[in-house]
Amino acid sequence: MVMNLKTPNAENRLKFLQLRRNIFNSFVATVVLVIAPHTIPPAVAELQSLDRIIAIVDDDVVMSSELEEQVAALTNQMARTQQQMPSREQIVPQVLDKLIQDRLQLEIGKRAGVKITDAELNQSLTRAAQQQGLSLDDFVHYARQDGLTLAQLRQQFKKEMIVSRVQQAMVAERIEISDQEVDNFLNSEEGKFMSSPEVNVGHILLRLSATADQATIDKTMAMAETLQSRLNDGEDFRQLALVHSAGPNALKGGNLDWRKSAQLPDLFAQALETLEPGQVSKILRSDAGIHLLKLYERRGGGEQLIEQNEVRHILIKPNEIRDDDATKALAIDLREQILRDENFAELARLHSEDPGSALKGGDLGWSMPGQFVPNFEAAMGQLKVGDLSEPVRSQHGWHLIEVTAHRKQDFSTEIMRHQATNQIRKRKFAEELQVWLEEIRNEAFIDIKS
């Protein structure tokens with residue numbers, strides 16, 4: 001489901017925008033000359049004189065009051081978090097540039113019909129508060145300290161969500177990732193690290209110098225054998241580590257906690273490969289001394305069973321003729337027809353506005369966790385096989401969802417490749433985003449006032 005967010009021909013658009021700028025400036029000047037001396041009270045005129053247009057961005061303008069509001073909020077936020085304060089001369093150009101970029105992207109979102117519901121906005125605010133370890137009330141309180149009212153905070157988040165969706169739609173389709181790129185990543189050190197399992201391990205170290213004499217070696221090995229025997233008889237590993245280990249984690253009962261196998265010394269990683277959770281390793285020798293390991297838990301790596309749903313849907317989008325309420329009403333009507341006549345595939349071919357699935361009767365195939373947008377995913381997860389959802393709202397429109405089958409499948413290899421693809425995509429996205437932002441800026445009419 002990709003939004004149609006294409007931009008017009010740049011050369012023609014620039015000519016049009018230059019003409020429009022001249023008309024716009026003439027109109028503004030005429031209005032000021034006509035109304036300013038006669039109709040604006042002195043106090044209001046003085047207040048308005050403090051505000052002015054500081055940038056024209058296509059059809060829109062950026063006012064100095066908006067710039068000052070954003071600068072003040074950023075300054076207050078940095079002061080509250082005790083960050084080093086840059087000078088105003090450094091902050092203002094950055095904030096103005098961000099406002100201009102946002103204007104361009106918001107206009108693209110507007111043309112594409114991107115909408116943010118109150119529920120989605122509330123969820124975003126709640127997540128932002130949780131990420132900072134705050135309640136929603138505290139989050140709003142700090143925003144007020146930064147100079148933002150609740151209405152301004154909600155409007156700011158709404159704009160950021162629209163901008164994010166526009167970026168995802170426009171930039172994601174420009175990114176291509178080949179199988180060879182995924183293979184190369186998985187074979188790299190970073191890829192091996194990412195795909196290695198995690199282990200929760202206990203460690204006992206008996207210190208033994210690499211230059212120790214044979215008598216010392218024999219004595220230390222005898223102690224290791226005694227400890228291994230006691231552990232195999234069921235004694236508590238943590239207690240023995242606390243008393244006997246010379247390792248840096250001895251006071252934590254020898255706990256190394258969760259580590260990627262790739263983070264451990266090769267000696268440890270190889271020994272743990274053959275262990276089942278709860279087992280103690282053989283006695284290991286390194287230059288640091290003699291080691292005993294206990295594997296508590298392992299996660300990742302090996303077989304990974306994933307619950308999958310085979311799902312189909314019908315997508316109905318609001319448009320210039322049909323508003324959101326009318327679109328939902330159409331989805332409700334289609335649902336009633338399906339329940340009455342059991343003609344889901346036929347109605348999907350006739351009405352669904354998801355071109356990728358409509359011709360297949362709405363079929364989306366077997367799902368992977370996280371494949372769909374959150375609202376869709378949550379609704380799908382509550383359905384049993386054969387159930388038809390109520391209309392579900394997402395940023396794409398209104399969905400009718402039906403789960404047609406369910407299974408558990410081993411996706412160890414697919415998961416690793418999926419994770420590698422996501423990692424590569426994140427890097428490419430960051431690079432491509434800057435290229436795209438520069439393109440839309442070059443195609444736009446931007447006039448920054450001195």
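Enclosing the Cα atoms of region 289-445 in their convex hull gives a volume equal to 192 cubic angstrom per residue.
Under the combined filter of DSSP loop state and at most 10 neighbouring Cβ atoms within 10 Å, region 384-422 retains these trypsin sites (Lys or Arg not before Pro): Lys384. Counted over all Cα-Cα pairs of region 198-299, pairs farther apart than 20 Å make up 33 percent. Among the GluC sites (Glu not before Pro) in region 321-403, those placed in a DSSP loop whose Cβ has at most 13 other Cβ atoms within 10 Å are Glu342. Each other residue within a Cβ distance under 12 Å of Leu99 adds +1 if Lys or Arg and -1 if Asp or Glu, for a net charge of -3. Summarising the amide proton neighbourhood of Tyr296: residues at separation of 5 or more, or on other chains, whose placed amide H is nearer than 5 Å comprise Asn200, Val201, Gly202, Gly278. Normalised by 2.2 N^0.38 Å, where N is the number of residues, the alpha-carbon radius of gyration of region 394-450 equals 2.00. Calculated FRET efficiency, Leu134 to Ala172, Cβ-Cβ distance, R0 = 41 Å: about 0.85 to the nearest 0.05. Legend: calculated FRET efficiency, Arg111 to Asn200, from the Cβ-Cβ distance at R0 = 60 Å, rounded to 0.05, equals 0.70.
Modelled label positions at Asn232 and Gln279, each set 7 Å beyond Cα in the direction of Cβ, lie 1.2 nm from each other. Just checking my list (i) 99, 64, 53; (ii) 94, 54, 44; (iii) 105, 67, 44 against Cα extents along the principal axes in Å computed from this structure; which label fits? Here Cα extents along the principal axes in Å agrees with entry (iii).
Phi angles of region 70-80 translate, via the Karplus equation with coefficients 6.51, -1.76, 1.60 and θ = phi - 60°, into HN-Hα couplings of 5, 5, 5, 4, 5, 5, 5, 5, 5, 5, 5 Hz per residue; Gly and Pro are given as x. Toward the positive end of the charge dipole of the chain, about the Cα centre and with charges on Cβ (Lys, Arg +1; Asp, Glu -1), which of Val311, Ile283, Gly300 goes farthest? Highest projection toward the positive end goes to Ile283. Volume of the convex hull of region 81-186 (Cα atoms only), normalised per residue: 193 Å³. Taking a sphere under 15 Å around the Cβ of Ala241 and counting the other residues whose Cβ falls inside, with K and R at +1 and D and E at -1, yields a net charge of +2. Applying a threshold of 23 Å to the alpha-carbon distances of Lys317/Lys360; Lys384/Lys408; Lys317/Lys384; Lys384/Lys426; Lys317/Lys426 flags Lys317/Lys384; Lys384/Lys426; Lys317/Lys426 as lying beyond it. Summing charges over all other residues whose Cβ lies under 15 Å from the Cβ of Ser209, with Lys and Arg as +1 and Asp and Glu as -1, gives 0.
Amide H to amide H, which residues 5 or more places from Leu364 or on other chains are under 5 Å from it, using H placed in the peptide plane? Those qualifying (amide H under 5 Å, at least 5 residues apart or on another chain) are Val311, Arg312, His313. Shown here for region 121-196: trypsin sites (Lys or Arg not before Pro) in loop regions (DSSP other than H, G, I, E, B) with at most 14 other Cβ atoms within 10 Å, namely Arg174. With R₀ set to 30 Å, the beta-carbon distance separating Glu225 from Arg299 gives a calculated FRET efficiency near 0.45.
With each run of n ≥ 4 DSSP H residues scored as -39500 (n - 2.57), what mean residue ellipticity at 222 nm is computed for the chain after dividing by its residue count and rounding to the nearest 500 deg cm²/dmol? Using -39500 (n - 2.57) per qualifying helix, the result is -18000 deg cm²/dmol. Here the simple spin-label model places points 7 Å from the Cα toward Cβ, and for Leu350 and Gln83 these points are separated by 5.5 nm.
Here, each number is a calculation from the coordinates, and none is a lab measurement. Since the model is a prediction, treat every value here as computed from it, not as a measurement. Virtual Cβ from ideal backbone geometry, glycine too; neighbours counted across all protein chains shown.
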